[in-house]
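Every number in this text was worked out from the coordinates using simple rules, so none of it is lab data. Since the structure is predicted, the reported quantities are computational estimates derived from the model, not experimental observations. Note that we place each Cβ from the backbone using ideal geometry, even for glycine, and neighbour counts take in every protein chain shown.
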Amino acid sequence: MNNKALKTLFVFNGIFVFASSLLGLLYAIFVSTIDQNVIFISLSWAVFLLFSTLFMFVIRKFGDKVKEKEYLLLGGFLVRAIVWFIFPSITTFSMLIVLQIFLGLGEALGTPAYSAIFAEHLDKGKQIQEYTDWSLVSNIVGAIAVVGGGVLVSTVGFPVLFYLMGTLAMVSFIGILIKPRDLL
């Protein structure tokens, strides 16, 4: 691939996807350490999805007015990094719910922005190839991370996992922040 903008997006969003995929299905196990009620696990994830959706309605209204879309992407990386750094201190279900709301905000900021930036930099006549390239990277990185997350949690526990997730999200944040202005 010769497209420098897409390479940059692939690298830094790939790092972010790795970070978020570390938790994967372990999320249910983590929530069960706070409260073993299966309904709470489902409710907490539903809150994330609901608030992601609500915040996306807001982003939908003003997102295209933001000239530098990477600022929205940066906001998404930063909000989720901060939340993941806080996750080890969760002791109650209500704390989890508040953090899930903020994760929804991060998702609403970052995901549409990534898609918009990606679409802006697609090469004419290579759209399927470049979308497929991203899907391949995302799936491979995600698969490796899910296994890595399981190994981490089973050996050193959830706090280390969350700190690693937050750190990797910050690497993505810094990488996009310091990239050359004309690249994206």
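Things worth noting here:
- Restricting segment 147-175 to residues that are over 12 Å from the mean Cα position of the chain (by Cα) and of a type in the set (G, A, S) leaves a set whose member that is farthest from L74 (Cα to Cα) is S154.
- Count of segment 76-104 residues which are surrounded by fewer than 19 Cβ atoms within 10 Å (Cβ to Cβ), more than 17 Å from Y27 (Cβ to Cβ) and free of Cβ contacts under 8 Å to residues at least 40 places away in the same chain: 1
- Qualifying residues in segment 149-175 (those that are out of contact with any helix residue (DSSP H, G or I) (no Cβ under 6 Å at 6 or more places or on another chain) and among the small types (G, A, S)) - the one surrounded by the most Cβ atoms within 10 Å (Cβ to Cβ): G150
- Residue match in segment 34-51 (condition: of a type in the set (S, T, Y), closer than 26 Å to I144 by Cα and either touching a His at 6+ places or on another chain (Cβ under 6 Å) or outside any loop (DSSP other than H, G, I, E, B) (or both)): yes
- Each residue in segment 116-139 was checked for being part of a helix (DSSP H, G or I) and surrounded by 13 or more Cβ atoms within 10 Å (Cβ to Cβ), and 9 of them qualify.
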